[in-house]
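A.B. asks: Take a look at the following structure, please.
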Amino acid sequence: SSRVLIRGVNSISGNNNPLYVIDGVPIDNSDFNTVNTARGAGGIDYGNMAQDVNSDDIESISVLKGPAAAALYGSRAANGVILITTKKGKADARKGIGVSINSGVNIENVAYLPKFQNLYGGGTTFSGEGTRDGFLVQEINGIEYLIPDYATDESWGPRYNPDIYYLPYWSLYDWEAIGKPATNPDGTPYQLETVPWVAPRHDVEDFFETSVGYTNNIALTSANENGSFRLSYTNFSSNGYMPNSTLNRNSINFNGTSKFGKKLQAFTSVNYIKTYALGRPATGYDDNNVLQKFVQWGQRQLDMEEAKNYMNPDGTQRTWNRRAWNDPLPNYSDNPYWTRFMNYEEDWRDRYYGNVGLTYQIFDWLKLTGKYNLDTYTFRINERVAIGSQALPYYQEDVRQVTETNAEFLLEADKRFGDDFSTKLTLGGNRMHRQYELNGGITQGGLVIKNFYNLSNSLSPALVHDETTQKSINSLYGSLNLGYKGLLYLDVTLRNDWSSTLPQNNWSYLYPSATFSYVFSEMPGLQDQNWFNFGKLRFGWAKVGNDTDPYRLITLYENIQNFGSDIVYTLPGTLNNAELKPESTNGWEVGTELMFLDNRIGLDFTYYYKKTSDQIFNTPISAASGFTSAMINAGSISNRGIEFLLTLTPVKVKDFTWDILLNFAKNTNKVEELIEEVKSLRLGNGPFNISVEARVGEAYGQLVGTDFVDDAQGNKVVGTNGRYLKTTAVQPLGSVLPDWNAGINNTFKFKGFDFSALIDIQHGGKIFSTSYMWGVYSGMLEESAAINANGKNIRDDVADGGGVLIDGVYGKLNADGSVTYLDKDGNPVDSPVKNETYISGLRWASDHYSGPAAQNVFDASYVKLRELRLGYTIPNRYTGPIQNLRISVYGRNLAIWGRDNQHIDPEYTTSAGNIQGIEGGQLPSLRSFGINLSCNF
């Protein structure tokens with residue numbers, strides 16, 4: 001999934017994503033990810049539904065940022081609009097039918113993986129009787145073998161030594177598969193294969209595959225004085241970067257216009273997209289997320305080439321995580337290849353969106369348009385866990401049907417009065433209706449028959465669910481645009497919505513906007529200046545309302561799983577509110593646009609402020625009420641910020657130009673208030689030690705957990721045992737929102753060649769890394785086998801110079817939050833005493849879970865080389881009937897700098913929702929290289 005925020009977070013618990021509009025059609029952009037997926041606790045990320053938009057059909061993309069966008073597209077546009085225009089048949093196209101072809105190949109590989117330690121193997125290091133070199137000694141068929149700790153999914157085992165030969169897990173499976181013979185045919189003892197105790201030749205990176213994607217597009221276009229059309233077909237197919245994963249998408253797009261006489265014109269846009277995906281990877285803290293096993297819980301000596309043999313001849317699993325040498329069942333973890341080939345998902349989606357409409361030119365200055373928009377899709381998902389897996393086997397299927405229609409009319413008057421005054425008046429209306437249906441079920445208690453995936457194969461009666469929601473909004477709106485001499489402009493809008501999700505006494509809400517602009521470059525004395533080409537000042541104000549989700553007004557009983565033949569109903573956990581009113585956002589902005597030196601220097605600057613009040617959210621209440629939360633109107637959240645866009649053309653000569661585009665955006669967010677006596681609202685819990693909250697007086701999305709204990713001088717305080725102290729109460733550890741973002745794009749053009757380089761920058765924001773916490777805890781990451789100041793590995797005994805010395809001072813935390821300094825022996829002292837107590841590497845690592853949560857919180861800043869692209873357009877005089885023949889190559893996600901945590905990509909997210917900043921078993925970022933060829937004829 002991808003998350004797009006335009007000018008910050010507006011709603012504490014509601015939708016903060018922009019509205020996507022394609023050729024005037026609002027499209028659904030849900031992600032259907034569960035709360036568990038968003039909070040890093042597991043699940044499959046199916047992505048945003050806007051992924052269905054075919055990039056080959058896009059003509060342009062623009063962003064409407066201010067609340068004034070809501071006047072055009074309703075309250076759903078309160079968070080901004082991503083406006084996409086698709087390609088049309090051109091009026092100046094050549095006579096006849098033109099053909100355009102675009103083909104490309106995209107190759108993706110894993111770009112960044114966590115940095116693992118390669119000094120120690122898996123399990124624990126055994127000692128005492130019955131052990132040798134850290135291994136258990138086990139006699140099989142009269143032969144002694146060194147047995148590692150198969151059952152422990154950690155890597156605190158013996159140090160690698162090529163002179164030590166041990167019995168790998170797969171050797172036991174090979175022996176068991178042939179009946180566990182005690183002797184060979186010649187009567188000698190059967191000897192199991194042993195291998196050296198060394199780092200794997202085929203490590204984690206070898207598990208991943210090269211993803212190759214093919215895109216082929218063909219488009220037919222034609223236009224004349226009576227109309228135009230464009231028809232295109234695109235096929236995209238790709239194998240994934242994980243085993244047993246594919247994606248195939250077919251897209252058809254048609255845009256057409258037709259004139260009937262001089263006054264009437266019909267237009268339509270139709271899109272059909274059919275998608276099939278196999279093996280989307282699980283995310284977060286999930287048994288089926290292979291990254292969780294590679295990073296958080298695993299054994300470092302495992303060889304991926306050996307793991308490919310994941311199934312025994314009888315169909316049972318071969319896992320490295322055996323319960324014991326003589327018990328082949330998985331203890332905690334499945335073989336990663338078993339996970340990918342047996343516990344996979346499939347999904348299918350059929351989607352239609354588009355519009356049909358008529359425009360009638362009543363007079364030269366007055367026209368009427370009627371239009372019907374449709375966006376509908378069916379999304380079917382199947383998930384499974386096979387019999388023989390570590391987790392309880394199950395099968396789940398869900399079918400979602402989403403349909404949204406928008407019927408609208410628009411009356412537009414555009415007239416000038418003399419040479420000085422221009423006016424444009426628009427009046428319109430819209431009816432939106434959205435219906436969401438979910439039908440599905442999940443097996444209970446396990447599966448009866450192996451490899452048969454159907455709800456009827458449930459060991460206990462399957463749990464089925466059936467859900468339907470509907471929502472409608474009726475709207476009337478208008479706008480007035482006044483201009484004077486191209487110098488002064490005033491734009492005023494007014495819109496009224498009636499929402500079915502609000503009570504009748506509050507379902508109508510009115511929101512106006514006004515924008516004034518002054519094009520001072522049109523003033524006498526400035527019009528003919530060579531150094532100054534354009535200058536405008538603008539000021540805008542808008543108020544916008546926003547409704548809520550369906551069925552939040554009346555509290556009804558819910559049907560749960562039947563008790564025998566009895567139908568069971570229960571109260572929901574949330575008390576609904578029949579007096580809800582719309583959220584309200586007031587905002588204003590001021591800005592300027594300047595162009596200099598024949599438009600070779602451009603500047604666009606905006607300062608904005610907005611505040612959203614009467615927030616709609618659930619607040620916790622006493623369970624004695626029979627509910628755990630209540631739906632209320634309360635609280636407010638504000639955003640203020642600046643946006644800066646600079647365009648430069650440093651060099652512009654006959655055959656060569658160099659263009660620079662730099663953008664910068666800084667948003668300061670603040671939760672102004674919640675409700676009386678409530679200072680924080682939990683948005684979601686991470687699976688371990690962290691939560692995300694909205695806290696009064698703080699930026700939205702605070703990571704909250706235990707912190708280090710600091711003294712007045714900023715020193716971290718440790719106990720006399722040398723371990724960090726942690727706060728007794730949880731503390732805000734920083735917001736997930738960045739301080740600012742920037743981008744720099746350089747484009748060079750020389751004759752038919754063009755080259756561009758794009759850099760993205762993010763500064764600030766926080767992220768909690770579950771992968772780091774458990775990866776250090778379990779001995780997987782390089783920090784768990786680091787070299788200390790004594791030149792010793794921290795896993796060496798403290799008595800031999802190993803261990804970890806934490807930088808801090810001795811002390812204890814008092815009940816009032818103050819710190820009392822101690823000396824090494826625990827005696828109170830007046831001044832801080834530097835810590836001198838080493839702790840074992842194992843103790844230090846395990847404290848990443850039991851110690852302060854702040855150890856696992858990192859800065860989310862980064863600098864990325866997002867893309868390099870080189871293209872060449874062959875002059876038409878060399879290509880005959882083939883025109884605009886162009887070839888281009890590119891690389892994306894090529895480098896990253898400035899990461900606080902070298903194991904993760906701070907940009908990664910698994911949800912478009914409000915629970916952000918919690919990483920766990922992060923899927924690797926991908927680096928891609930590609931080539932495109934396009935032409936017309």
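Taken together, the values in this text are just the output of simple stated rules run on the coordinates, not laboratory data. Predicted model, so just to flag it, every value in this text is computed and none were measured. Here the Cβ positions follow ideal geometry from the backbone for every residue, glycine too, while neighbour counts run over all protein chains shown.
A.B. asks: How large is Rg over Rh for region 481-531, taking Rg from the Cα atoms and Rh as the Kirkwood inverse mean of 1/r across Cα pairs? Can you show the working numbers first?
C.D. replies: Numbers: Rg = 19.5 Å, Rh = 14.1 Å.
With Rh from the inverse mean 1/r over Cα pairs, Rg/Rh is 1.38.
A.B. asks: Suppose R0 equals 41 Å; then what is the FRET efficiency for Ile660 and Asp364 from their Cβ-Cβ distance, rounded to the nearest 0.05?
C.D. replies: Details: r = 43 Å, r/R0 = 1.05.
With a Förster radius of 41 Å, E is 0.40.
A.B. asks: Just how far, in whole angstrom, is region 501-540 from region 747-812 if you go by their alpha carbon centroids?
C.D. replies: When both Cα centres are located, 48 Å separates them.
A.B. asks: For Asn835, which sequence-distant residues (separation of 5 or more, or a different chain) have an amide H within less than 5 Å of its own amide H, given hydrogens modelled in the peptide plane?
C.D. replies: Gly808, Val809, Tyr810
A.B. asks: So for region 1-159, considering every pair of alpha-carbon atoms, how many percent are separated by more than 24 Å?
C.D. replies: Working: 8054 of 12561 pairs.
Above the 24 Å cut-off, region 1-159 has 64 percent of its Cα pairs.
A.B. asks: Would you mind computing, in nm to one decimal, how far apart the modelled labels at Asp825 and Gln435 are, each placed 7 Å from Cα along Cα→Cβ?
C.D. replies: Label-label distance for Asp825 and Gln435, simple model: 8.2 nm.
A.B. asks: Treating region 708-811 as a set of equal point scatterers at the Cα positions, no solvent, please give the Debye-formula log₁₀ I(q)/I(0) at q = 0.12, 0.19, 0.20, 0.24 Å⁻¹.
C.D. replies: Result of the Debye calculation: -0.71, -1.15, -1.19, -1.26.
A.B. asks: Can you tell me what percent of all Cα-Cα pairs in region 188-319 are more than 27 Å apart?
C.D. replies: Values: 4490 of 8646 pairs.
Taking all Cα-Cα pairs of region 188-319, the fraction more than 27 Å apart is 52 percent.
A.B. asks: How big is D, in µm² s⁻¹, for region 399-455 by Stokes-Einstein at 20 °C and 1.002 mPa s if Rh is the Kirkwood radius over C-alpha pairs? Before the final figure, lay out each step's value.
C.D. replies: Numbers: Rh = 17.2 Å.
Stokes-Einstein gives a translational diffusion coefficient of 124 µm²/s.
A.B. asks: Once you place label points 7 Å from the Cα toward the Cβ at Asp566 and Ser850, how far apart are they in nm?
C.D. replies: 4.6 nm
A.B. asks: Assuming R0 = 51 Å, can you tell me the calculated FRET efficiency for the pair Glu129 and His763, based on Cβ-Cβ distance, to the nearest 0.05?
C.D. replies: Working: r = 57 Å, r/R0 = 1.13.
Efficiency for this residue pair is about 0.35.
A.B. asks: On the principal axes of its Cα set, how long, how wide and how thick is region 98-158? Give whole Å, largest value first.
C.D. replies: Principal extents (largest minus smallest coordinate, Cα): 83, 29, 16 Å.
A.B. asks: Please identify the GluC sites (Glu not before Pro) of region 141-201 that satisfy two criteria: DSSP loop assignment and at most 15 other Cβ atoms within 10 Å. Which are they?
C.D. replies: Details: sites: Glu144, Glu154, Glu176, Glu193; in loops: Glu154, Glu193.
Passing both the DSSP loop test and the Cβ count: Glu193.
A.B. asks: Right, next: Quick check on my link table: of Lys371/Lys610; Lys88/Lys274; Lys424/Lys610, which ones sit more than 24 Å apart, alpha carbon to alpha carbon? Walk me through the numbers before you get to the answer.
C.D. replies: Details: Lys371/Lys610 33 Å; Lys88/Lys274 22 Å; Lys424/Lys610 28 Å.
Long pairs (Cα-Cα over 24 Å): Lys371/Lys610; Lys424/Lys610.
A.B. asks: Also, quick follow-up: Can you compute the helix-only [θ] at 222 nm over the chain? Use -39500 (n - 2.57) per DSSP H run of at least 4 residues, normalise by all residues, nearest 500 deg cm²/dmol.
C.D. replies: On the way: 7 runs with 46 residues, N = 937.
It lands at -1000 deg cm²/dmol.
A.B. asks: Counting alpha carbon pairs within less than 8 Å and at least 6 residues apart, what relative contact order, in whole percent, applies to the chain? Don't skip to the answer; put the middle values down first.
C.D. replies: Details: 2628 pairs, mean separation 111.5, N = 937.
Rounded, it is 12 percent for the chain.
A.B. asks: Another question, then. Please compute the Kirkwood hydrodynamic radius of region 542-584 from all pairs of different C-alpha atoms, in Å with one decimal.
C.D. replies: Values: mean 1/r = 0.0775 Å⁻¹.
Computed over region 542-584, the radius equals 12.9 Å.
A.B. asks: Working from the alpha-carbon coordinates of region 118-201, get Rg over Rh, Rh being the Kirkwood radius. Show your work: numbers first, answer last.
C.D. replies: Values: Rg = 13.5 Å, Rh = 13.6 Å.
Reported Rg/Rh, Kirkwood definition of Rh: 1.00.
A.B. asks: Under the √(5λ) rule applied to the eigenvalues of the Cα gyration tensor, what semi-axes describe the equivalent ellipsoid of the chain? Give them in Å, descending.
C.D. replies: On the way: eigenvalues 577, 241, 199 Å².
Largest first, the chain gives 54, 35, 32 Å.
A.B. asks: Inverting the mean 1/r over all pairs of different Cα atoms, compute the Kirkwood radius of region 544-656 and quote it in Å.
C.D. replies: Kirkwood radius, region 544-656: 19.2 Å.
A.B. asks: I need the Debye-formula profile for region 830-874: one equal scatterer per C-alpha, no solvent, reported as log10 I(q)/I(0) at q = 0.14, 0.27, 0.34 1/Å, two decimals.
C.D. replies: Calculated log10 I(q)/I(0) at the listed q: -0.67, -1.03, -1.15.
A.B. asks: Same structure, new question: Hey, quick one: spin label on Lys424, modelled 7 Å out along Cα-Cβ, who in region 529-543 has an amide N within reach, i.e. under 20 Å?
C.D. replies: Only 535-542 pass the distance filter.
A.B. asks: Suppose R0 equals 45 Å; then what is the FRET efficiency for Leu329 and Gln470 from their Cβ-Cβ distance, rounded to the nearest 0.05? Kindly include the intermediate steps, with their values, before the conclusion.
C.D. replies: On the way: r = 48 Å, r/R0 = 1.08.
Calculated value: 0.40.
A.B. asks: Moving on to the next point. Suppose the chain between Gln444 and Ala712 were pulled fully straight at 0.36 nm per residue; how much longer would it get relative to their current alpha carbon spacing?
C.D. replies: Working: separation 268, 0.36 × 268 = 96.48 nm, distance 5.58 nm.
Extra length from Gln444 to Ala712 when fully extended: 90.9 nm.
A.B. asks: Could you give each residue of region 508-513 its phi-based ³J(HN,Hα) in whole Hz, using Karplus coefficients 6.51, -1.76, 1.60 with θ = phi - 60°, and x for Gly or Pro?
C.D. replies: So the Karplus estimates, Gly and Pro as x, are 9, 9, 10, 9, x, 8 Hz.
A.B. asks: Give me the net charge of Leu683's neighbourhood, meaning all other residues with Cβ under 12 Å from the Cβ of Leu683; Lys, Arg count +1, Asp, Glu -1. Write out the running numbers ahead of the final one.
C.D. replies: Values: positive: Arg39, Arg682, Arg695; negative: Glu693.
Residues near Leu683 contribute +2 overall.
A.B. asks: Check which residues have an amide H placed less than 5 Å from Gly917's amide H, if you skip close sequence neighbours.
C.D. replies: HN-HN under 5 Å from Gly917: empty list.
A.B. asks: Name the long-range amide H neighbours of Arg132: under 5 Å, sequence gap of 5 or more, or other chain; modelled H, no Pro or chain starts.
C.D. replies: Those qualifying (amide H under 5 Å, at least 5 residues apart or on another chain) are Val137.
A.B. asks: If you look at just the Cα atoms of region 812-937, how large are its Rg and its Dmax in Å?
C.D. replies: Spelled out, the Cα radius of gyration and Dmax of region 812-937 are 27.6, 91 Å.
A.B. asks: Separate question: How large is the direction-averaged shadow of the alpha-carbon convex hull of region 454-558, in nm²?
C.D. replies: Over every viewing direction, the Cα hull of region 454-558 projects on average to 14.1 nm².
A.B. asks: Sticking with this structure for a sec: Just to confirm my numbers, what's the Cα centroid distance between region 102-143 and region 413-453 in Å?
C.D. replies: 50 Å
A.B. asks: Another question, then. Tell me the label-point distance for the pair Val356, Leu868, using the 7 Å Cα-to-Cβ offset, in nm and rounded to one decimal.
C.D. replies: Placing both labels 7 Å along Cα→Cβ, they lie 5.1 nm apart.
A.B. asks: Tell me, in nm to one decimal, what length is gained between Asn235 and Glu579 on full extension, where the rule is 0.36 nm per residue of separation less the Cα-Cα distance? Walk me through the numbers on the way to the answer.
C.D. replies: Values: separation 344, 0.36 × 344 = 123.84 nm, distance 4.99 nm.
Here the answer is 118.9 nm.
A.B. asks: With 10 angstrom as the radius, rank Leu494, Leu19 by how many other C-beta atoms surround their C-beta, starting from the fewest. Each step should come with its number before you reach the end.
C.D. replies: On the way: Leu494 15, Leu19 24.
The order, fewest Cβ neighbours first, is Leu494, Leu19.
A.B. asks: Tally Lys and Arg at +1 and Asp and Glu at -1 over the other residues with C-beta under 12 Å from the C-beta of Phe208: what net charge comes out?
C.D. replies: On the way: positive: Arg340, Arg927; negative: Glu108, Asp203, Glu205, Asp206, Glu209.
Spelling it out: positives minus negatives among the neighbours equals -3.
A.B. asks: Give me a comma-separated list of calculated 3J(HN,Hα) values for region 569-583, in order, Karplus coefficients 6.51, -1.76, 1.60 applied at θ = phi - 60°, integers in Hz, x for any Gly or Pro.
C.D. replies: Ordered by residue, 3J(HN,Hα) equals 10, 9, 6, x, x, 10, 8, 6, 9, 7, 10, 4, 10, x, 5 Hz.
A.B. asks: Shifting gears a bit: Which of the trypsin sites (Lys or Arg not before Pro) found in region 398-502 are loop residues per DSSP with 14 or fewer other Cβ atoms within 10 Å of their Cβ? Spell out each step's value before the answer.
C.D. replies: Working: sites: Arg400, Lys415, Arg416, Lys424, Arg431, Arg434, Lys450, Lys471, Lys485, Arg495; in loops: Lys450, Lys485.
Here the trypsin sites (Lys or Arg not before Pro) that fit, given the DSSP loop and packing criteria, are Lys450, Lys485.
A.B. asks: Two decimals is fine: what's Rg over Rh for region 432-493, C-alpha atoms, Kirkwood radius as Rh?
C.D. replies: Details: Rg = 27.4 Å, Rh = 17.0 Å.
Taking Rg over the Kirkwood Rh, I get 1.61.
A.B. asks: With the Cα gyration tensor of region 601-748 in hand, give its eigenvalues times 5 under a square root as the equivalent ellipsoid semi-axes, listed largest first in whole angstrom. Show your work: numbers first, answer last.
C.D. replies: Details: eigenvalues 361, 131, 33 Å².
After diagonalising the Cα gyration tensor, the semi-axes are 42, 26, 13 Å.
A.B. asks: Right, next: Using the Cα atoms of region 637-685 to build a convex hull, what is its mean projected area in square nanometres? Could the numbers behind the result be given before it?
C.D. replies: Details: hull surface 23.9 nm².
Over every viewing direction, the Cα hull of region 637-685 projects on average to 6.0 nm².
A.B. asks: Could you state the per residue volume, in Å³, of the convex hull enclosing the Cα atoms of region 324-394? Spell out each step's value before the answer.
C.D. replies: Working: hull volume 9.1 nm³, N = 71.
It is 129 Å³ per residue.
A.B. asks: So, one more: Write down the radius of gyration of region 68-182 and its Dmax, each obtained from C-alpha positions, in Å.
C.D. replies: 32.0, 91
A.B. asks: Run through region 615-701 and list the trypsin sites (Lys or Arg not before Pro) located in a DSSP loop whose Cβ has at most 15 other Cβ atoms within 10 Å. Kindly include the intermediate steps, with their values, before the conclusion.
C.D. replies: Numbers: sites: Arg640, Lys652, Lys654, Lys666, Lys670, Lys679, Arg682, Arg695; in loops: Lys654, Lys679.
Here the trypsin sites (Lys or Arg not before Pro) that fit, given the DSSP loop and packing criteria, are Lys654, Lys679.
A.B. asks: Can you work out ³J(HN,Hα) from phi for every residue in region 535-549, in order, using Karplus 6.51 cos²θ - 1.76 cosθ + 1.60 and θ = phi - 60°, giving whole Hz and x for Gly and Pro?
C.D. replies: Couplings: x, 9, 10, 9, 9, x, 9, 8, 10, 9, x, 8, 9, 9, 6 Hz.
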